[in-house]
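The values are calculated or read from the model by the stated rules, or taken from the named source; none is laboratory data. Predicted model, so just to flag it, every value in this text is computed and none were measured. Cβ placement follows ideal geometry from the backbone for every residue including glycine, while neighbour counts extend to all protein chains displayed. Areas reflect the complete protein model, heavy atoms only, side chains present, ligands, DNA and RNA absent. Shrake-Rupley method; radii C 1.70, N 1.55, O 1.52, S 1.80 Å.
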Amino acid sequence: MNRRRFLAGAGLAGATALAGCGSLSTQSTRAPPLVEDRPDATYRPTHVEGMGMAGMAQAGDYMVGLTYSFPHRFWTVTGTTAEKVDIRSEDSVHLMATVWDPETEMVLPVSAGLSITVTRDGESVADKPPWPMVSQNMGFHYGDNYALDGDGVYQLSVRVNGMSERRLGAFSGRFGEAGEATVDFDFRQSTLEQLSFEEFPESQGERGAVDLMTMDMIPTSQAPEVSALPGSVLGTDKGGDAVYVASWLRDAAFLDDGQSYLAVSVRTPYNRVPLPMLSLDGRVEADGATVFEDALTAAVHPDIGHHYGAVVETDAAEPSVGVDVVAPPHVSRHEGYETAFLGTPSFSF
């Protein structure tokens with residue numbers, strides 16, 4: 001994927017929330033030095049920043065929330081390699097867009113992405129798509145660092161593309177069309193500088209993660225607990241530090257007689273943040289015969305969450321399932337995730 005940059009602004013002095021523990025430090029856009037000898041896994045970052053609310057609007061079937069923080073360093077992924085994107089001297093904010101279903105409040109990873117057009121006083125400032133990315137404290141979102149033209153009111157026009165993922169259950173027939181919305185927000189450097197900036201000198205680099213933030217107006221992006229998944233859970237395994245949970249549904253409303261559904265939920269350890277935009281192949285054997293061998297399709301369901309699945313022509317109660325990771329999640333990562341989720345493991349359930 002080629003490097004994309006999109007410009008947006010931050011503004012309304014919304015509530016800020018910061019989870020995790022550590023010592024409060026002076027607010028700054030200068031990130032501390034990276035930990036040396038970072039593990040090839042999720043680790044506690046050097047620091048986390050607070051987050052402010054920039055605006056919220058409904059865009060067709062979607063709700064979109066815009067938040068902002070200090071500019072971040074982050075990593076983009078090509079193949080199985082993560083490439084660092086440094087903070088530029090001209091960067092003003094890290095703007096984040098979260099997309100969710102207003103009825104269930106489930107955060108939706110839309111692989112088709114979204115775009116944001118930024119204008120000020122009728123003049124175009126930028127018209128570029130943000131990166132899909134994951135953060136330990138900010139969860140799954142779309143974001144990037146952006147240079148603004150100073151304090152002032154900016155118009156953000158957001159277009160969320162229609163989902164190509166399979167939509168199941170109550171999501172069937174929804175999210176297939178793009179949605180658009182525009183919000184005004186007032187960027188003030190002084191408001192940005194009031195956000196919290198917290199460092200972890202004693203625990204940085206250790207295996208683990210900081211807690212997810214919570215905001216009153218924006219839902220948290222988390223996969224369901226294993227015990228809450230519908231159907232029969234065939235097993236849970238970890239590879240490349242990601243957690244893979246395979247479940248088997250035999251009586252879902254979207255199935256015909258004689259069919260079952262294989263669902264593989266992929267999430268981060270510790271915080272259960274969904275990991276979208278990876279490629280999985282699946283195999284199912286039942287009664288001594290191979291009844292499915294093909295790619296698993298990205299899908300969303302109100303109870304399963306975001307997952308990878310396939311309708312299988314069998315109603316066997318105890319199948320044997322194999323899953324191969326063809327390509328890791330092609331989402332950008334904030335610090336603490338950039339060395340994880342890059343492998344291509346295989347599993348048997």
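A few points about this structure:
- Breaking point among (1) free of Cβ contacts under 8 Å to residues at least 12 places away in the same chain; (2) within 22 Å of the chain's Cα centre (by Cα), for Thr290: (2)
- Set side by side, the residues Leu108, Leu95, Leu148 differ, and just one is over 26 Å from Thr268 (Cβ atoms) and crowded, with 24+ Cβ neighbours inside 10 Å, which is Leu148.
- Check on Glu180, touching a Ser or Thr at 6+ places or on another chain (Cβ under 9 Å), within 29 Å of Thr46 (Cα to Cα) and among the charged types (D, E, K, R): no
- Restricted to the stretch 142-212, the set of strands (runs of 3 or more DSSP E) holding at least 2 residues that are in contact with a strand residue (DSSP E or B) (Cβ under 6 Å, 6 or more places away or on another chain), of a type in the set (Ser, Thr, Tyr) and touching a residue at least 40 places away in the same chain (Cβ under 8 Å) comprises 152-160.
- Output for the stretch 285-316, where each listed residue is open to solvent by 80 Å² or more (accessible area, probe 1.4 Å) and either farther than 25 Å from Phe171 by Cα or in a loop (DSSP other than H, G, I, E, B) (or both): Glu285, Asp287, Gly288, Thr290, Glu293, Asp303, Glu313, Asp315
- Which numbered condition Ile304 misses (of (1) among the hydrophobic types (A, V, I, L, M, F, W, C); (2) under 30 Å from Asp101 (Cα atoms); (3) free of Cβ contacts under 8 Å to residues at least 12 places away in the same chain): (3)
- Residue count for the stretch 153-164, restricted to those that are surrounded by fewer than 22 Cβ atoms within 10 Å (Cβ to Cβ) and not basic (Lys, Arg): 6
- Candidate set: the stretch 18-42, residues that are within 21 Å of Ile87 (Cα to Cα) and among the hydroxyl-bearing types (Ser, Thr, Tyr); chosen: the one modelled with the highest pLDDT: Thr29
- Residue in the stretch 204-217 that is in contact with a Lys or Arg (Cβ under 6 Å, 6 or more places away or on another chain) and within 28 Å of Val64 (Cα to Cα) present: no
- Set Thr268, Thr214: member being polar (S, T, N, Q) and buried (at least 16 other Cβ atoms within 10 Å of the Cβ): Thr268
- The set of residues in the stretch 50-84 being farther than 27 Å from Asp186 by Cβ and touching a residue at least 60 places away in the same chain (Cβ under 8 Å) consists of Asp61, Trp75, Thr76, Val77, Thr78, Gly79, Thr80, Thr81, Ala82, Lys84.
- All positions within the stretch 261-287 that are within 28 Å of the chain's Cα centre (by Cα) and among the small types (Gly, Ala, Ser): Ala263, Ser265, Ser279, Gly282
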